[in-house]
Amino acid sequence: MSAHDQLLVVIDPVARRSDGESVRIAKDVLSAGAEAKICLPDSPEEFCRALARRGSRRPVVLGDDRTLLRAVALLHRERELATGALSLVPIGAPDSLEIAHALGVPRSTPAAARAVLDGRVRRLDLLVDDSDGVVLDELLVPAVPDLTSAAPTVWGTCRSLVRTLVRPAPTALAVRTHRLRVEVDGVLLTDVDTPVESLTVRSAGGAAEVTVHPAAAPPRRATARVLTVSGPDFRYRADGRITGPVRRRTWTVLGEAWGLTLPRN
């Protein structure tokens with residue numbers, strides 16, 4: 001990669017507040033290897049405006065999975081994913097960087113910054129829904145509630161203990177089922193008369209890998225380019241974000257829709 005490359009380095013404000021030292025290291029490595037314009041937005045809105053005004057500079061974002069998703073979503077809305085490539089230097093807590101690492105972005109800040117300068121572009125699939133939302137990693141329908149989001153309290157623990165002591169233990173955990181109609185490339189995979197526990201989707205090789213988990217039967221699997229889910233109001237989790245409720249949503253796989261700079265090895 002030429003030292004004359006021009007980079008637009010957009011630093012997520014959360015990354016600056018949470019790990020200023022890693023931000024400094026990344027800036028030093030990038031500035032030493034290319035002509036880098038540094039942007040320090042104070043909000044997600046300013047982040048998007050800075051990225052939209054990149055001109056001919058190659059965009060590099062510093063932040064976590066949410067930062068990467070925000071950048072990909074913006075470039076998709078601008079219909080500019082097909083040209084050029086995006087680079088990420090991951091900064092954040094380990095559980096906020098699972099998507100980045102799964103895609104192959106190095107875990108250490110110096111290695112990720114060097115990959116921006118010396119790496120290669122890998123073309124990746126993108127799952128896009130009919131509201132222009134994007135999915136980089138996994139889609140789950142319906143969304144599974146986050147039971148760990150609320151920290152337990154002393155009184156809550158005591159009440160749970162009392163309920164356990166005075167009530168008989170259930171013979172099995174109740175499994176919530178849902179009635180969904182699932183179509184893959186226009187072909188019916190399951191209908192509302194067959195209760196399902198969940199539906200998981202990942203894009204790979206230009207197609208969506210769809211797995212339906214019925215309540216009382218083995219999983220059903222299919223690959224498709226277009227997936228449509230409909231039924232009573234449901235929510236879905238895409239890359240950890242919950243959306244809905246909706247009654248119908250269609251996702252389409254765009255093969256090799258965007259480029260991410262990764263290490264050469």
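How big is region 47-86 along each principal axis, measuring the range of its Cα positions in Å and listing the largest first?
For region 47-86, the Cα extents along the three principal axes come out at 23, 17, 16 Å.
Whenever you get a sec, compute what percent of the accessible area on region 206-245 sits on carbon and sulfur atoms (1.4 Å probe).
Working: 1020 of 2050 Å².
Exposed carbon and sulfur together represent 50 percent of the surface.
Below 8 Å, C-alpha to C-alpha, sequence gap of six or more: please give me the relative contact order for region 3-89 in percent.
The value is 38 percent.
If we restrict to alpha carbons, what Rg and Dmax does region 1-135 come to, in Å?
Expressed in Å, the Cα Rg and Dmax of region 1-135 come to 13.8, 42.
Put +1 on the Cβ of each Lys and Arg and -1 on the Cβ of each Asp and Glu in the chain; which of 240, 126, 115 then has its Cα farthest toward the positive end of the dipole?
The residue sitting farthest along the positive end of the dipole is 240.
What accessible area per residue, rounded to a whole number of Å², is obtained for region 1-134 using a probe radius of 1.4 Å?
46 Å²
In debye to the nearest 20, how big a dipole does the chain give about its Cα centre with +1 on each Lys and Arg Cβ and -1 on each Asp and Glu Cβ?
Values: 36 positive and 32 negative charges, 49 e Å.
My answer is approximately 240 debye.
Along each of its three principal axes, how wide is the spread of alpha-carbon positions in the chain, in whole angstrom units, largest first?
Computed over the chain, the largest-to-smallest principal extents equal 68, 52, 34 Å.
Over all directions, the average projected area of the alpha-carbon convex hull for region 181-265 comes to how many nm²?
Value for region 181-265: 7.0 nm².
Taking the 0 to 90 degree range and rounding to the nearest ten, how far is the long axis of helix 154-166 tilted relative to the main principal axis of the chain, both from C-alpha atoms?
30 degrees
Restrict the search to region 42-142; then list the trypsin sites (Lys or Arg not before Pro) that DSSP places in a loop and that have at most 11 other Cβ atoms within 10 Å of their Cβ.
53, 79, 107
Calculated from DSSP H runs of 4 or more alone, at -39500 (n - 2.57) each and per residue, what is the 222 nm mean residue ellipticity of the chain, nearest 500?
Result for the chain, helices only: -8000 deg cm²/dmol.
The values are calculated or read from the model by the stated rules, or taken from the named source; none is laboratory data. The structure presented is a predicted model; accordingly, all values stated were derived computationally and were not measured. Counting neighbours? That spans all protein chains shown, and the Cβs are built from the backbone with ideal geometry, glycine included. Ligands, DNA and RNA are excluded from the accessible area calculation, which covers all protein heavy atoms including side chains. Shrake-Rupley method; radii C 1.70, N 1.55, O 1.52, S 1.80 Å.
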